[in-house]
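Okay, structure first, notes after.
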Amino acid sequence: MKAPLPTLFLSHGSPMHAIEPGAVRSVWEGLGRALPRPMAVLIASAHWETDVPALTAATKPETIHDFYGFPKPLYQVQYPAPGAPDVASRAMELLEKENLRAVADAQRGLDHGAWSPLLYMYPAADIPVVQVSMQTELGTRHHLALGRALAPLAHEGVLILGSGHMTHNLRERSNGGPAAYVVEFQHWVKRRIEEHYLEGLADYRKLTPHGVRAHPTDEHFLPLFVALGAAREGYKAERLYDGVEMGSLAMDAYLFS
C-alpha cells in the first residue's frame, strides 16, 4: 500500500474570502503547490448538514451560492470542478463497512465551504470533488468515526479535507483584536491535537470553559474531527495559519501527515 496523502483542516472564513481572501490566500495557494496532486478531493463542509452521511454524486456539481446580502461579484464566482461518482460510491462502501449508513445525492452541488478554499488551492478546477455532509446532532465522536471509515481513501489518491472554523461565534464579531477566549481556545485545541488526545478534544464543550462560547453550535468544528479521524495513526500535526478575524473567528489551518 502506498503512503497516504495527508489530511487537512481549513477554516474557510466568510464567503467574501472567495474574492478577498486576505492573508490566508498564501496558505491555500501554497497547499495546492506543495501537496502531491490528488486524483480527487473529498471535502467535509460545515455548510451541508443531513441526518445520515450524504455524498455528492453529480458528474458536474453546481456552484452553490449559499449566502445572502453579499456583493454581486461573489454570486458570479463559479467553480466548475467535475464530480467523482466513483469516489462517492467508494466512500459509501467504506462507511457502510463500518455500519455508517450513507446515501448518494446526485443533485447536490458544492457550497462555499468547499469551493472557497479550492478556488485558491486548485484554481484550474480540474481535480474532481466530492462533498460529504455533517450530522451535527450526532456530535464529535461520530465525525471521528466518519473520518476513520474514510481513511483508506487517503491511500487511494484522495485528499480528505475538513472545511469549517477553529472558532465560530458570529454574535461576538467586532472590529477589535482577537478576543482572549478565542486565543485560549486555539491554544487548548492545538495542545490536544499535538498530544493526539482526541478523546479529550471530542469533549471540548465540557473540558474547556470556552468551548460553548467558541462554538455556540457544533457544525463548524466537526470537519476538524473528520480530518483527524482520517489522518494516519501517529500523525504529525502542522499548524499552517492561526490568524483571527473580526475578533471571534479563528482561521486556523492544519496539515496532518
Is it fair to say residue 207 is touching a Leu at 6+ places or on another chain (Cβ under 7 Å) and aliphatic (A, V, I, L, M)? no
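Kindly evaluate residue 209 against the criterion of being outside any helix (DSSP H, G or I), modelled with pLDDT under 95 and either crowded, with 23+ Cβ neighbours inside 10 Å or not β-branched (Val, Ile, Thr) (or both). Break it down stepwise before answering.
Numbers: outside any helix (DSSP H, G or I): yes; modelled with pLDDT under 95: yes; either crowded, with 23+ Cβ neighbours inside 10 Å or not β-branched (Val, Ile, Thr) (or both): yes.
Answer is yes for this residue.
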Are any of the residues in the range 68-82 touching a Ser or Thr at 6+ places or on another chain (Cβ under 7 Å) and crowded, with 17+ Cβ neighbours inside 10 Å? yes
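Among the residues of the range 237-249, is any in contact with a Leu (Cβ under 7 Å, 6 or more places away or on another chain), outside any helix (DSSP H, G or I) and of a type outside the set (A, V, I, L, M)?
yes
Please enumerate the residues belonging to the range 24-76 that are among the aromatic types (Phe, Trp, Tyr) and assigned to a helix (DSSP H, G or I).
Of the range 24-76, the ones among the aromatic types (Phe, Trp, Tyr) are 28, 48, 67-68, 70, 75.
Of everything in the range 24-76, those that are among the aromatic types (Phe, Trp, Tyr) and assigned to a helix (DSSP H, G or I) turn out to be 28, 75.
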Enumerate the pairs (first residue in the range 92-114 and on the phi < 0 side of the Ramachandran plot and β-branched (Val, Ile, Thr); second residue anywhere and open to solvent by 10 Å² or more (accessible area, probe 1.4 Å) and in a loop (DSSP other than H, G, I, E, B)) with beta-carbon separation below 7 Å, excluding pairs fewer than 6 apart on the same chain, so at least 6 apart or on different chains. 103/52
Between residues in the range 216-233 that are over 15 Å from residue 45 (Cβ atoms) and residues that are open to solvent by 10 Å² or more (accessible area, probe 1.4 Å) and assigned to a loop (DSSP other than H, G, I, E, B), which pairs lie under 7 Å by C-beta distance while being six or more apart or on different chains? 232/4
With the first residue restricted to the range 1-29 and required to be touching a residue at least 40 places away in the same chain (Cβ under 8 Å) and open to solvent by less than 40 Å² (accessible area, probe 1.4 Å), and the second required to be in a helix (DSSP H, G or I) and of a type in the set (Phe, Trp, Tyr), Cβ contacts under 8 Å at 6 or more apart or on different chains are 10/28; 18/115; 21/28; 21/120; 28/120
I'd like to verify a number: residues in the range 122-171 that are aliphatic (A, V, I, L, M), in contact (Cβ under 8 Å) with a residue 12 or more places away in the chain, over 21 Å from residue 17 (Cα atoms) and surrounded by fewer than 24 Cβ atoms within 10 Å (Cβ to Cβ), how many? 5
Within the range 102-120, count every residue that is under 16 Å from the mean Cα position of the chain (by Cα) and open to solvent by 10 Å² or more (accessible area, probe 1.4 Å). 2
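The values are calculated or read from the model by the stated rules, or taken from the named source; none is laboratory data. Quantities reported herein were computed from a predicted structural model and do not represent experimental measurements. Neighbour counts run over all protein chains shown; Cβ positions are idealised from the backbone, glycine included. Remember, those area values only see protein heavy atoms, side chains included, never the ligands or the DNA or RNA. Shrake-Rupley method; radii C 1.70, N 1.55, O 1.52, S 1.80 Å.
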